[in-house]
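Enquirer: Provided herewith is a single structure, encoded as C-alpha cells, for subsequent inquiry.
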Amino acid sequence: MKHLLIPVLLFSCSLLPSSTFAQSATDAFATCLTDSLSGKERKDLASWIFFAMAAHPRIEQYATIPEAARVQQDKEIGSLITRLLAENCPAQLVQAQQENPEALRMAFEMVGKVAMEELMSNNNVSQAIAAYANYVDMAKIQATLSKKGGSL
C-alpha cells in the first residue's frame, strides 16, 4: 500500500502548474522548445531550477551554492533561452503570441516540466522521494478510510 502513495505524492508535489495547451500554435511552440533541448541542456535547466529553489529561505540552509556557480548557471540559461526564442523557434513564438498572450508562459511551463522529468528520472532522486513511505502509518490511514467507507 505504501507504493500507492508514491504516485500520489509525485502528482501532488508538482513544482510547476499544469496547463492544457488548447491552441495549436502554443502546442507547436512548446514542442519546438522542448525538441530543441539537448540532454545536457535539460540537465542544465534542472540544475538551474534546483539553484533557484535552494534560494528559498526555508531551503537555503540545506544547499550551499557558490555565487559564482549561480551566476554561471544564470548566464548559461540566459543564452539557452535566447537561442531557443531567437534561433530555434522564432516563427513558432510569433504565431503562439499572436494566438495567445499567455503562450510564452505556457510553453515554458512545458520546458520546466521537461527539466523536472530529467531530475525525477534519476534513480537516486526517485529513492529519495519514496523514502517518506517508510514513515507513513498505513494502519492509521486505513482506519480513517474504513470509517469513511474508502480504502487504498
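The values are calculated or read from the model by the stated rules, or taken from the named source; none is laboratory data. Since the model is a prediction, treat every value here as computed from it, not as a measurement. Cβ: placed from backbone, ideal geometry, glycine included. Neighbour counts: every protein chain shown. When the accessible area is computed, the model is the full protein with side chains, heavy atoms only, and any ligands, DNA or RNA have been set aside. Shrake-Rupley method; radii C 1.70, N 1.55, O 1.52, S 1.80 Å.
Enquirer: With every protein chain left in place and a probe of 1.4 Å, what is the accessible surface of residue 116, to the nearest 10 Å²?
Expert: 30
Enquirer: Also: Could you compute the FRET efficiency for residue 71 and residue 99, with r as their C-beta to C-beta distance and R0 at 35 Å, rounded to 0.05?
Expert: 0.50
Enquirer: Here's something else I'd like to know. Can you give me the Cα centroid spacing of region 101-152 and region 54-84 in angstrom?
Expert: Distance between centres, Cα-based: 24 Å.
Enquirer: To the nearest 0.05, what FRET efficiency results for residue 129 and residue 64 with a Förster distance of 30 Å applied to their C-beta separation? Don't skip to the answer; put the middle values down first.
Expert: Details: r = 22 Å, r/R0 = 0.73.
The formula returns an efficiency of 0.85 here.
Enquirer: While we're here: Could you go through region 49-55 in sequence order and give the Karplus-derived ³J(HN,Hα) for each residue, using 6.51 cos²θ - 1.76 cosθ + 1.60 with θ = phi - 60°, rounded to whole Hz, and x for Gly and Pro?
Expert: 5, 4, 4, 5, 5, 5, 7
Enquirer: Hey, another quick one. I need the phi-derived Karplus couplings for region 96-101: 6.51 cos²θ - 1.76 cosθ + 1.60, θ = phi - 60°, integer Hz, Gly and Pro marked x.
Expert: 5, 5, 5, 6, 8, x
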